[in-house]
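Taking it in order: structure first as structure tokens, then the write-up.
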Amino acid sequence: MLDLFFHEDTFEKCLKCNACVVNCPVSNETFDFGGPKHLGPELKRLMDNQQVIDDKRIELCTLCGNCDISCPENVHVSTLTAYAKAIHSELSGTKFRDVVLSNAEFVGKLASAFAPITNLAMGMRPVRKVMEATVGIPADRLFPKYRFNHFNRLYNKKTASTKRKVAYYVGCYATYNAPNVATSFVKVMEYNGIEVVKPEQKCCGVPMFANGQLKQGLKNANFNIQRFLEYTRQGYDVVVTCTSCTLALKKEYVSFLQTEDAKELASHVYDADEYLRVLMENGELNTNFAPREEKARYYAPCHMKAQGIGNPAMDILELIPGYEIQDTGAGCCGQCGTFGFKVEKYDVSMNIGNKLAKTVNDVNAEYTVTECGMCKNQLDQLTDQPVKHPMEILAEAYLVGDKVLANK
Amino acid sequence: MGERFETEVVVIGGGMTGAGVLRDLALRGIKAILVEQRDLGHGTSTRNHGLLHSGARYAVRDEEAAIESYHENLILKKTVPGSIEQTGGLFVKVPKDDDSYVQKWLSSCKNIGIPAVEIPIEQALKQEPYLNKKVQTVYQVPDGSVDCFTLVLDVTADAAAHGAKVLTYHEVVDLLIEENRVMGVRVRDAFTGEEKEIFSKLVVNAAGPWVGKIAEQVGIPFHIINNKGMLAVFSHRFNKQVINRLRLPGDADIFVPAHDVTIFGTTGINVEDPNDFSLNREELEGMLEEGKKLIPSIHDMRLIRAYSGSRPLYQESSTNDSSGRNVSRGMALIDHQKRDGLDGLLTITGGKLTTFRLMAEKTVDLVCGKLGVKQTCTTHLEMIPNRKAKGFFNEVDMAPAAKQKLIHWAGTNATKIEASLREGHSSVVICECEQVTWAEVEAAIPENGRFHLGDIRRRTRLGMGPCQGTFCHHRAASCAVENGKATIEEANWALQQAILERKKGMGVVATGETAKQVQLMAAIYQVSLGMKEGEYEHV
Ligand SMILES: Cc1cc2nc3c(=O)[nH]c(=O)nc-3n(C[C@H](O)[C@H](O)[C@H](O)COP(=O)(O)OP(=O)(O)OC[C@H]3O[C@@H](n4cnc5c(N)ncnc54)[C@H](O)[C@@H]3O)c2cc1C
Ligand code: SF4
Ligand code: SF4
Ligand code: SF4
């Protein structure tokens, strides 16, 4: 049984100003959601050391974190909504489907073992109809593809000997669905003379938090903290290519666990582009990029915005000669991790997403750049434009740049 | 001269004492009218700690008060369950407090029969995670938490259901006297200024801290010590049960959970004027320093407001004790015929909220003797309708938090509120902190009374949460106008009153978040809604 009492006192600071409600993508789309203010600080106030209130509307919260960034009082709204989710699933039970979706890692391992079959099955409508009826994953929802050659099969380095050393937190998406992102990242680091190791790791826990599986999520959190601290204490930097994972390691572990270890780890964590920006600021960045006459648009995932580090992907990509990239300034994508995979949330997800699709199409470009795999999934579904991770572009630019140098 | 009424007994004061007397009179079939200068509970009865004493606090120093409290505690839990939460209470000894008091206290409780059970410290800390980890001994006693707003309202409503009449916003300005006999009272309507006369066989003065003022109206010397105490409200309810400090009663040693907040107090300073509700920042800081010994994180917790009220302590002769704590808190029932040779006037004062029923019983026994009525008291047996609304609201689609509140709250209004909730819009929560819907507000507006947000607050808790009405006051006012419950002028007047009143209580605790809340409130009302400060007189 989860201990339903948890210590998180930022709710006391809430002034009821509604800034979070106005900025919540779900509240903007439907009246059926109680909104961040109510389901976050307000409920916590009513429940702290008192009776527990189970509000099923919390299922609609995607944990995108927009409420946190908009709050002038620094209330940890989405930490509170994550607890409300945990309470709801504790008391009302978690759907089998949500257990499956929350366990991205397990599904990832399982699915990529049979990758071609899974991909086919996920693509085939009759099978999907059955899935909608039995587990509630909407038939029209596009699924990320699972790769047989997932990153764990490709890469397993455990020690590094360069001056700067990186402990790579890969995340489930890059491990199972987009190993190309992970291998690109390793190459980008190599071009900068940095060796990358891949410590033992578990899913960051974000999908578990989002599905109310808080306890399991925190187990993973503790596991990851201990494994990665072994590295940071030997001078490694922790770098992450998935924005949700980065946010978890930087912020969520600290707010949920409130331990010294969590804080210590957080101070060593970087988003991959943020890390490159640090290299640049220290004059260590290899800028030998081949020119690319391309036009791209950038879509900032919510969990990137929530880190409050500006726009590092664009800062780096703009260094490529001839490369043009424009921020779409679009809001939430609506996929929101596993949210858009649920049949009862499909409409809300699509409505949010359609706004995004419109903004994306309004910006004239050849393809879209974003870091988050789940956002990519939504973009794949709603736009006919290709979607790339910044690491993939950078790796290519370095590769071509190298060849050009060699030919000279 | 305006209207004239006749009745058997006039009760002055719509506090707990007056309400109790009115109900007892009604249950014994005696015709009565209660007169209150403002709203019910304007005085000390809603400006106290809301602790349903088990008697344990008084066990050592005032055995009689302890016995009375314990007995009444048991009776009220049975007869007014809707206004009492049986939280239980802890008596906690902290380091450096007198060790020898514990044994004295324990044996006094035992003698009186108050069950005080020692519980393991570990268990106490589990129940109350905010409690000082260094506590040395913890006992559990049958303290409770009283909702003094609903208590005074429900007791009065039950009296009315048994035929009594209630006149609120009517001040007694004079006693009508003929040859050493009080014949009735002259009252003035607080809104229109109109005066009315009520003739009666007997007048019961239950005006709390104002009893002396009433006596003065007929030139009787009457010494009353008004001992003012301050209370502070925390923005959330952090304790499950009442937490008392196990020591000789002193300042700032009780935390009472009350709905969604915790009330902390208190102090005691003698004042002259019963209308002195002033608040003092230094007094508050002194309280917090003391309170830290029980709840160490007290300075990190947000306070949303403070308030004060006066204990009317009766003394036959005046002394110089300025603390007021050593004067008996026992009740005083005075027959002015015996004391001053003035017929037709009784005064009942002193006592406690917890003992209001007993005070009423004794008063009405005396009334019966004077009127030759044979009926005996039944208030220790007869229930007041419960507030729980079991079986209601299950089908209504609304926020679970708001629903949970209604189920514990709606009481006799449940049918009306449920019907209105089903109509649609009225299930929208307009006070989010306290989860109050428009349906409840509507049910609290009197048929042909004035639209007054303070009255609504006392009946619904609207505006009692952390934002102190920053958002809900104007929502309630606009809904009232839209639904034909108030004109725009009335709504503006009510808003102005409400904001002034809330601001006063917030001012003294306004540091940190609450200071920002005050600014936000000012910005909304004075800037966005263009209200001017001090435009209306505070009623
Ligand atoms: C700080 C503090 C904390 C306390 N805590 C507790 C506690 O935890 N538990 C407990 O049991 N007791 C407590 N008490 C004691 C308790 O609150 C009082 O004993 C009780 O409320 C007194 O009620 P009352 O009806 O006699 O007086 P009041 O409630 O003051 O009622 C008198 C009423 O008379 C009205 N009135 C006055 N003059 C006129 C007039 N001329 N015409 C018409 N109406 C008039 C007033 O408006 C007022 O409403 C506390 C008291 C204080 C001050
Ligand atoms: S996390 Fe996102 S969806 Fe959830 S309440 Fe906050 S803004 Fe809304
Ligand atoms: S933005 Fe922050 S302060 Fe404003 S209502 Fe939301 S949680 Fe409260
Ligand atoms: S958030 Fe990161 S680690 Fe977690 S499931 Fe997604 S990709 Fe995997």
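What follows draws every value from the coordinates through simple rules; no lab data is involved. Predicted, not measured: the structure shown is a model, and the values here were computed from it. Positions of Cβ are generated from backbone atoms using ideal geometry, with glycine treated the same way; all protein chains shown enter the neighbour counts.
Before moving on, here are some points about what is shown:
- Residue-wise HN-Hα coupling along the range B:57-68, computed from phi with Karplus coefficients 6.51, -1.76, 1.60 (Hz; x: Gly, Pro): 4, 9, 3, 7, 8, 9, 4, 4, 4, 5, 5, 4
- Efficiency of FRET between A:Asn361 and A:Glu260 - r from beta-carbon atoms, R0 45 angstrom, step 0.05: 0.40
- Sequence-distant lysines (8 or more away, or on other chains) whose Cα lies within less than 19 Å of B:Lys78: B:Lys352, B:Lys388, B:Lys390
- Amide hydrogen proximity for B:Val11: with H placed 1.01 Å from N in the peptide plane, the residues at 5 or more positions away or on another chain lying under 5 Å are B:Ile33, B:Leu34, B:Val35, B:Val204.
- In terms of Cα atoms, the Rg and Dmax of the protein assembly as shown work out to 34.0, 125 Å.
- Of interest is the spacing of the C-alpha centroids, which for the range B:217-238 and the range B:1-59 amounts to 16 Å.
- Proximal charge balance of A:Val387 [Cβ under 9 Å; K/R count +1, D/E count -1]: +1
- Other protein chain C-beta atoms within 10 Å of residue C-beta, averaged over B:394-404: 3.
- Taking the range A:60-86 and a reference point 7 angstrom along Cα→Cβ of B:Ala523, the backbone N atoms nearer than 15 Å belong to A:70-74.
- Stokes-Einstein translational diffusion, the range A:10-92 - Kirkwood Rh over all Cα pairs, 1.567 mPa s, 4 °C, in µm²/s: 105
- Percentage of interatomic Cα-Cα distances in the range A:175-295 larger than 18 Å: 56
- Length added when fully stretched, B:Gln404-B:Asn180, from 0.36 nm per residue minus Cα-Cα: 75.1 nm
- Along the axis of the charge dipole computed for the protein assembly as shown (Cβ charges of +1 for Lys and Arg, -1 for Asp and Glu, origin at the Cα centre), the listed residues A:Ala296, B:Ala498, B:Ser427 are led at the positive end by A:Ala296.
- Inverse mean reciprocal Cα-Cα distance (Kirkwood Rh) of the range A:223-275, Å: 10.9
- Potential extension, B:Lys133-B:Ser297 segment - 0.36 nm per residue separation minus Cα distance: 57.9 nm
- Cross-link partners for A:Lys376 among the lysines, with Cα-Cα distance under 19 Å and sequence neighbours closer than 8 places in the same chain left out: A:Lys145, A:Lys295, A:Lys305, A:Lys342, A:Lys345, A:Lys355, A:Lys358, A:Lys388.
- Here's how it looks for B:Val428: its modeled amide H is under 5 Å from those of B:Trp438, which are all 5 or more places away or on a different chain.
- Exposure proxy ranking, count of Cβ atoms within 10 Å, fewest first, for A:Met391, B:Met521: B:Met521, A:Met391
- Number of partner chain Cβ atoms within 10 Å, mean per residue of A:14-27: 3
- At q = 0.08, 0.21 Å⁻¹, base-10 log of I(q)/I(0) for the range B:23-162 (Debye sum, equal scatterers on each alpha carbon): -0.30, -1.29
- Charge sum, other residues only, whose C-beta stays under 15 Å from A:Ile225's C-beta, Lys/Arg counted +1 and Asp/Glu -1: +1
- Modelled FRET efficiency - R0 22 Å, A:Glu281 with A:Thr162, Cβ distances, 0.05 increments: 0.70
- Signed unit charges on C-beta, dipole axis of the range A:202-288, positive-most listed residue A:Ala248, A:Val278, A:Ser267: A:Ala248
- Sorting the segments A:307-319, B:222-234, A:168-180 by their residues' average number of neighbouring beta-carbon atoms within 10 angstrom, most packed first, yields A:168-180, B:222-234, A:307-319.
- Amide H contacts of A:Val369: A:Arg297, A:Tyr298, A:Tyr299, A:Lys388, each under 5 Å away and 5 or more positions distant or on a separate chain (H built 1.01 Å from N in the peptide plane; Pro and chain starts excluded).
- For A:Asp9, net neighbour charge (Lys/Arg +1, Asp/Glu -1) across residues whose Cβ lies under 15 Å away: -2
- Residue-wise HN-Hα coupling along the range B:88-99, computed from phi with Karplus coefficients 6.51, -1.76, 1.60 (Hz; x: Gly, Pro): x, x, 10, 10, 10, 9, 9, x, 6, 6, 3, 5
- Taking a ≥ b ≥ c as the square roots of the eigenvalues of the alpha carbon gyration tensor, chain B is rounded, as a/c is under 1.5.
- Taking the Cα centre of chain B as reference, the dipole from Cβ charges on Lys and Arg (+1) and Asp and Glu (-1) amounts to some 1280 debye.
- Residue (of B:Ser310, A:Tyr83, B:Gly208) at the positive-pole extreme of the protein assembly as shown, dipole from beta-carbon charges: A:Tyr83
- Magnitude of the charge dipole for the range B:1-111, about its Cα centre and with charges confined to Cβ atoms of Lys, Arg (+1) and Asp, Glu (-1), is about 240 debye.
- All lysines inside 16 Å of B:Lys240 as judged from Cα atoms, apart from same-chain residues fewer than 8 positions distant: A:Lys44, B:Lys126
- Highest-first packing order for the peptide set B:130-143, B:433-446, B:349-362 is B:349-362, B:433-446, B:130-143, based on the mean count of other beta carbon atoms within 10 Å.
- Magnitude of the charge dipole, the protein assembly as shown, Cβ model with Lys/Arg +1 and Asp/Glu -1, debye to 20: 2500
- Residue order for B:Glu285, A:Glu284, fewest other beta carbons within 10 angstrom first, comes to B:Glu285, A:Glu284.
- Averaged over the residues of peptide B:503-515, the number of Cβ atoms from other protein chains lying within 10 Å of each residue's Cβ is 1.
- The count of lysine pairs in the range A:151-281 whose Cα atoms are under 13 Å apart, excluding pairs fewer than 8 places apart on the same chain, comes to 7.
- Evaluating 6.51 cos²θ - 1.76 cosθ + 1.60 at θ = phi - 60° for every residue in the range B:113-120, the Karplus couplings come out as x, 7, x, 10, 10, 6, 10, x Hz, glycine and proline recorded as x.
- Ranked by the mean number of other Cβ atoms within 10 Å of their residues, highest first, the peptides A:287-296, B:464-473 come out as B:464-473, A:287-296.
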